[in-house]
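The structure appears below as structure tokens.
The values are calculated or read from the model by the stated rules, or taken from the named source; none is laboratory data. Predicted model, so just to flag it, every value in this text is computed and none were measured. Here Cβ is always computed from backbone atoms with ideal geometry, including for glycine, and neighbour counts include all displayed protein chains.
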Amino acid sequence: MHAKPEQAETVKNFIKGAIDLAKKEEKTLTWYSFQIDKLTFGIFDTFADESGREAHLNGEIAKALMGKADELLSQAPDIKKIDILSAK
């Protein structure tokens, strides 16, 4: 996610605080929010199956973020669905 310069701190606080919502998602196995640089943020999460992923993408975090995307972000969030092939 690319924050508008004047909204970077708000985006940072929003995704940091979203952990409370993520903890309520029974099908979300892991959830991380991160910052790459001053304006670039992201969320990485994992699920046991596609139903968990879809529940998350249609859940409260996504609704809250998409509801404020025009206000907070300089472009639409880039959501990539990936499949983990191996992990330790």
By residue number, the members of region 58-68 that are surrounded by 15 or more Cβ atoms within 10 Å (Cβ to Cβ) and either among the hydroxyl-bearing types (Ser, Thr, Tyr) or part of a helix (DSSP H, G or I) (or both) are Ile61, Ala62, Leu65
Counting only residues that are among the hydroxyl-bearing types (Ser, Thr, Tyr) and farther than 17 Å from Ile82 by Cβ, region 34-65 contains a total of 1
Expected single match for of a type in the set (Lys, Arg), part of a loop (DSSP other than H, G, I, E, B) and at pLDDT 95 or above among Lys38, Lys88, Lys12, Lys81 is Lys38
Output for Cβ contacts, cut-off 7 Å, separation at least six or different chains, first residue farther than 13 Å from His2 by Cα in region 68-88, second of a type outside the set (Lys, Arg) and not in a loop (DSSP other than H, G, I, E, B), reads Ile84/Thr46
Whether any residue in region 19-30 is assigned to a loop (DSSP other than H, G, I, E, B), touching a Lys or Arg at 6+ places or on another chain (Cβ under 9 Å), surrounded by 14 or more Cβ atoms within 10 Å (Cβ to Cβ) and not aliphatic (A, V, I, L, M) is what I want to check. yes
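Name the single residue that is surrounded by the most Cβ atoms within 10 Å (Cβ to Cβ) among those in region 37-57 being under 16 Å from Gln7 (Cβ atoms) and touching a strand residue (DSSP E or B) at 6+ places or on another chain (Cβ under 8 Å). Walk me through how you get there before you give the answer.
Taking region 37-57 and keeping what is under 16 Å from Gln7 (Cβ atoms), we get 37-42.
Right, trim to touching a strand residue (DSSP E or B) at 6+ places or on another chain (Cβ under 8 Å) and you get 39-42.
Numbers: Leu39: 17, Thr40: 13, Phe41: 22, Gly42: 14.
In this case the residue turns out to be Phe41.
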Taking region 34-67 and keeping only residues that are over 9 Å from the mean Cα position of the chain (by Cα), of a type in the set (D, E, K, R) and within 12 Å of Ala18 (Cβ to Cβ), one is left with Glu60, Lys63
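So how many residues does region 69-78 have that are part of a loop (DSSP other than H, G, I, E, B) and either over 13 Å from the mean Cα position of the chain (by Cα) or surrounded by 10 or more Cβ atoms within 10 Å (Cβ to Cβ) (or both)? Show your work before the answer.
Restricting attention to region 69-78, the residues satisfying the condition of being part of a loop (DSSP other than H, G, I, E, B) are 74-78.
Those left that are additionally either over 13 Å from the mean Cα position of the chain (by Cα) or surrounded by 10 or more Cβ atoms within 10 Å (Cβ to Cβ) (or both): 74-77.
Number satisfying all stated conditions: 4.
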